[in-house]
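One structure is given below, encoded as structure tokens.
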Amino acid sequence: MAMAHARRKKSYLLDPRFQLKWTGYLVAVVLVVMTALGIIIGRTAVRAADTASLAVAQAERAYEESKANSILARRSVELAAGDNPTLQAVMDESLKEVDTQSEKNLSEVKQRQADILRDRRNLQLLLGGAGVALLLLLVLMGVVITHRIVGPVHKMKRLLRRVSTGRLVIEERLRRGDELEDLFDTFLQMTYSLRAQQSARLATLDDTLRRAEASSSTPTDVVDGLRALRAQMVIGLERRRASMHPVE
């Protein structure tokens with residue numbers, strides 16, 4: 001299992017320096033954008049929290065002032081009502097309603113502040129988690145996307161080394177979705193042209209070899225040299241035996 005994982009990792013990182021460099025560039029750009037957005041969102045959240053704190057402070061001052069006014073109003077009612085308990089009861093009920101409403105308003109403002117602070121913490125956690133997930137996704141996408149470029153280049157380098165040894169039959173093709181298809185097609189056209197030229201030279205050599213073999217005056221070493229040259233040229237036009245190559 002570990003060996004299979006190592007092979008998959010190796011196949012996707014055909015050129016680690018190139019792939020990781022451009023993946024790093026992609027991650028850096030997105031990281032800068034995310035940081036800028038995070039700063040903007042963070043400042044907005046801080047301003048909202050500051051506004052909520054200010055609203056709570058104002059509500060508390062209003063509540064304290066309301067309590068002080070209620071105390072003064074009760075004393076005034078007591079002095080004004082005198083022996084009229086009905087008037088005093090009505091005024092007490094009105095003042096209690098005012099106190100209850102003030103307490104309710106203060107409680108609502110504090111609850112709103114708590115909601116804003118909770119939403120701010122949740123937003124920070126969400127942004128942090130989303131940022132980490134996005135960075136991991138970008139790293140994976142960067143490796144896969146660059147692999148679609150490095151894979152064809154890696155394959156063409158190997159095939160060019162084969163062509164340089166005289167083997168002109170190329171049966172390998174790019175995978176579906178790989179980049180550089182036009183370049184690879186041009187490379188294949190080059191090998192077709194080289195094979196056609198090699199076939200023409202081989203036909204000329206065969207004709208020369210037949211005449212040399214038919215002539216008794218041709219030295220044996222010359223005939224042997226022509227045969228060796230023909231064998232070497234034929235090898236370049238033969239299909240290569242199937243071999244195991246790492247997946248690119």
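A short reminder: the numbers here are calculations on the coordinates, not readings from a lab. Everything numeric in this text was worked out from a predicted model, so none of it was measured. All Cβ positions, even for glycine, are placed from backbone atoms using ideal geometry, and neighbour counts span all protein chains on display.
When the trypsin sites (Lys or Arg not before Pro) in segment 152-194 are filtered for DSSP coil states and for at most 14 other beta-carbon atoms within 10 Å of their beta-carbon, the remaining sites are R173, R175, R176.
Counting every other Cβ atom within 10 Å of each residue's Cβ, T208, T23, T86 order from fewest to most as T86, T208, T23. One entry in [x] 27, 21, 17; [y] 37, 25, 16; [z] 95, 13, 11 is semi-axes √(5λ) of the Cα gyration tensor in Å calculated from the shown coordinates; its label is [z].
If R0 is 45 Å, the Cβ-Cβ spacing of K67 and L125 corresponds to a FRET efficiency of close to 0.70. Multiplying the residue separation of E238 and V169 by 0.36 nm and removing their Cα-Cα distance gives an extension gain of 24.2 nm. The sum of -39500 (n - 2.57) across all DSSP H runs of n ≥ 4, divided by the residue count of the chain, sets its helix-only mean residue ellipticity at 222 nm to -31000 deg cm²/dmol.
Cβ-Cβ distance of E97 and L31, R₀ of 51 Å, FRET efficiency by 1/(1 + (r/R0)^6): the value works out to about 0.35. When you filter the GluC sites (Glu not before Pro) in segment 149-215 for DSSP loop state and at most 13 other Cβ atoms inside 10 Å of their Cβ, you are left with E171. Among the trypsin sites (Lys or Arg not before Pro) within segment 188-239, those in coil by DSSP and having at most 12 neighbouring Cβ atoms inside 10 Å are R239.
Computed extension gain for M190 through L229, at 0.36 nm per residue and net of the alpha carbon distance, reaches 11.8 nm.
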